[in-house]
Amino acid sequence: MDFLELVTRRQSVRKYDPSRPVEREKLDRCIEALRLAPSACNAQPWKLVIADDPELKSRVAQAASAKWLGFNHFLDDAPVIAVIVREQPNLSSKLGTLLKDKPYTLMDVGIAAEHFCLAAAEQGLGTCIIGWFDEKEVKRLLGIPKSRRTELIISIGYPAKDEIRTKIRKSTQAICSFNRYAP
């Protein structure tokens, strides 16, 4: 698949076919893509926790559902939920973060998450990256130490519909200039 076609195919899926489980081989390819993601100073500051046990996955989905705002209720239909845990960076990355005042570990986690999602899209799977969830409860459910941050949840499964929505994005001119910043 052409890369731009893959990027177009990758979209946030919020309706899954709960009757179609995700094959382990496809999940393994997503995990491998995440593992190969670049990171500042090769720190690889992430761990991935996969919730595919139906009961546990359902409890994690509940921890991500904002009852009073109506967010993320679709998670219960996703056959798999992946949680990306931010780990401590190596010394070089930590020093770079302090000296340059840039959150390299957060950038690294974002890059790794997108590698995971692109690998899923390439295999016909849908994903949705979620940042709104009860972190304390997710950590409790998955045995994640209090000293770590759960940065993102990714739902994974086969989309209920095989349609690619038109992406609404800013124009190229609005986001890019050459040789000088243009407001």
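We did not get these values from a lab; they are worked out from the coordinates using the rules stated. From a predicted model like this one, the values you see are computed outputs, not experimental measurements. Neighbour counts are summed over all protein chains in view; Cβ atoms, including those assigned to glycine, are modelled from backbone coordinates with ideal geometry.
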message: Explain nothing, just the number: dipole magnitude of the chain about its Cα centre with +1 on each Lys and Arg Cβ and -1 on each Asp and Glu Cβ, in debye rounded to the nearest 20.
response: 700
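With runs of 4+ DSSP H residues as the only contributors, calculate the mean residue ellipticity of the chain at 222 nm using -39,500 (n - 2.57) per run, divided by the residue total and rounded to the nearest 500.
Mean residue ellipticity at 222 nm (helix-derived): -11500 deg cm²/dmol.
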Helical segments meeting 24 Å axial Cα length and Kyte-Doolittle -0.5 threshold in the chain (DSSP H): 104-122
- line: Expected sort for 66-73, 103-110, 8-15 on mean C-beta neighbours within 10 Å, highest first, is 103-110, 8-15, 66-73
- prompt: Can you give the relative contact order of segment 3-175 as a percent, counting alpha carbon pairs under 8 Å and 6+ residues apart?
  reply: 36
task: Scan segment 96-183 for GluC sites (Glu not before Pro) in coil per DSSP, keeping those whose Cβ has at most 16 other Cβ atoms within 10 Å, and list them by number.
output: 163
message: Compute and list, largest first, the equivalent-ellipsoid semi-axes of the chain from the alpha carbon gyration tensor, each √(5λ) rounded to a whole angstrom.
response: 27, 23, 16
query: Going down the table (57/136; 94/136; 26/67; 47/100; 15/57), which pairs top 21 Å between alpha carbons?
result: 94/136; 26/67; 47/100
task: Count the net charge of all other residues whose Cβ sits under 12 Å from the Cβ of residue 39, scoring Lys and Arg as +1 and Asp and Glu as -1.
output: 0
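Tally Lys/Arg at +1 and Asp/Glu at -1 over every other residue whose Cβ is under 15 Å from the Cβ of residue 161; what's the total?
Neighbourhood net charge equals +1.
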